[in-house]
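Data block below; observations after.
The values are calculated or read from the model by the stated rules, or taken from the named source; none is laboratory data. All figures in this text were calculated on a predicted structure; none of them were measured in a lab. Cβ: placed from backbone, ideal geometry, glycine included. Neighbour counts: every protein chain shown.
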Amino acid sequence: MKNFNTLNVSINRPKGKYILPLLKGLSYTLRQLFTKPITIEYPEQKREVSKRWRGLHRLKTNDKGDLKCVACGLCVTICPPDAIKVVPYEDEGGRRYPKEFIIDEIRCIFCGFCAEACPMDAIELTKVYDYVDYNRNDFIFDISKLKTPEKFIFKGK
Ligand code: SF4
Ligand code: SF4
């Protein structure tokens, strides 16, 4: 076993060695006091997200305000985590639409496949990225919530 008393370790470091880095750090801090801040006051201020951002879903409507969805179920089939449920309905005139359309926004992985697969261009992923809540059930979005995803933008408490 080595005797540590015999190790040739020098603990005498020049005192000035720490002054220069310290001054450099202080000068950097002082410079930042006079530059424009790079932080923002979230949630009052929001950053613009990428054009390709995939956030909460929207069920699109036509000029009359009716859902464009014809409840074909393609989005249900293609959804990897099985996050979509659609119950179809057909009226007397033969028009199909969803009686129920539910997306579990917690299960969803925001891949965008549902929007890509939709033959009616009836669903899209919006830029709403900061929906928060305390209850898991609030992340189950039905038709009324899916029509207005902007209502769920986080505005602070
Ligand atoms: S974005 Fe992907 S995971 Fe989410 S509902 Fe659509 S297909 Fe399913
Ligand atoms: S959103 Fe599109 S793919 Fe999904 S059920 Fe409706 S029409 Fe079909």
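With in contact with a Leu (Cβ under 7 Å, 6 or more places away or on another chain) and of a type in the set (A, V, I, L, M, F, W, C) as the only criterion, which of C69, C75 stands out?
C69
Consider K145 carefully, then state whether it is surrounded by 11 or more Cβ atoms within 10 Å (Cβ to Cβ) and assigned to a helix (DSSP H, G or I).
yes
Of these, Y89, Y97, which one is at pLDDT 95 or above, loosely packed, with under 15 Cβ neighbours inside 10 Å, within 13 Å of ligand 2 (Cβ to nearest atom) and among the hydroxyl-bearing types (S, T, Y)?
Y89
Tell me, please, whether a residue that is crowded, with 16+ Cβ neighbours inside 10 Å, farther than 21 Å from W53 by Cα and either away from ligand 1 (no atom under 12 Å from the Cβ) or over 19 Å from the mean Cα position of the chain (by Cα) (or both) can be found in the stretch 113-121.
no
Please go through the stretch 1-57 and give me each residue that is of a type in the set (F, W, Y), exposed (fewer than 10 other Cβ atoms within 10 Å of the Cβ) and either part of a helix (DSSP H, G or I) or modelled with pLDDT under 90 (or both), ordered by number.
Correct list: F4, Y28.
Exactly one condition in (1) more than 10 Å from ligand 1 (Cβ to nearest atom); (2) of a type in the set (K, R); (3) in a loop (DSSP other than H, G, I, E, B); (4) surrounded by 12 or more Cβ atoms within 10 Å (Cβ to Cβ) is false for R107; which is it?
Every listed condition holds for R107 apart from (1).
Is it true that K151 is surrounded by 16 or more Cβ atoms within 10 Å (Cβ to Cβ), assigned to a helix (DSSP H, G or I) and touching a helix residue (DSSP H, G or I) at 6+ places or on another chain (Cβ under 8 Å)?
no
Which one is nearest to G55 (Cα to Cα) among residues in the stretch 82-103 that are assigned to a strand (DSSP E or B) and near ligand 1 (Cβ under 8 Å from one of its atoms)?
Top of the filtered list is I103.
Just one of A71, A83 is at positive phi, crowded, with 16+ Cβ neighbours inside 10 Å, of a type in the set (G, A, S) and modelled with pLDDT of 95 or more; which is it?
Of A71, A83, the one residue that is at positive phi, crowded, with 16+ Cβ neighbours inside 10 Å, of a type in the set (G, A, S) and modelled with pLDDT of 95 or more is A71.
Does the stretch 65-81 contain any residue that is over 14 Å from K147 (Cα atoms), part of a loop (DSSP other than H, G, I, E, B), touching a residue at least 40 places away in the same chain (Cβ under 8 Å) and not charged (D, E, K, R)?
Yes, the stretch 65-81 contains at least one residue that is over 14 Å from K147 (Cα atoms), part of a loop (DSSP other than H, G, I, E, B), touching a residue at least 40 places away in the same chain (Cβ under 8 Å) and not charged (D, E, K, R).
Just give me the residues in the stretch 106-120 being farther than 13 Å from L56 by Cβ and in contact with a Lys or Arg (Cβ under 6 Å, 6 or more places away or on another chain), in sequence order.
Within the stretch 106-120, M120 is the sole residue that qualifies.
Enumerate the pairs (first residue in the stretch 40-57 and closer than 13 Å to D130 by Cβ and more than 16 Å from ligand 2 (Cβ to nearest atom); second residue anywhere and of a type in the set (V, I, T) and part of a loop (DSSP other than H, G, I, E, B)) with beta-carbon separation below 7 Å, excluding pairs fewer than 6 apart on the same chain, so at least 6 apart or on different chains.
Here the result reads R47/I40; G55/T126; G55/V128, each pair linking the stretch 40-57 to a residue that is of a type in the set (V, I, T) and part of a loop (DSSP other than H, G, I, E, B).
Return the residue satisfying two criteria in turn: it lies in the stretch 122-135 and is in contact (Cβ under 8 Å) with a residue 24 or more places away in the chain and more than 8 Å from ligand 1 (Cβ to nearest atom), and of such residues it is farthest from the chain's Cα centre (by Cα).
Among residues in the stretch 122-135 that are in contact (Cβ under 8 Å) with a residue 24 or more places away in the chain and more than 8 Å from ligand 1 (Cβ to nearest atom), the one farthest from the chain's Cα centre (by Cα) is A122.
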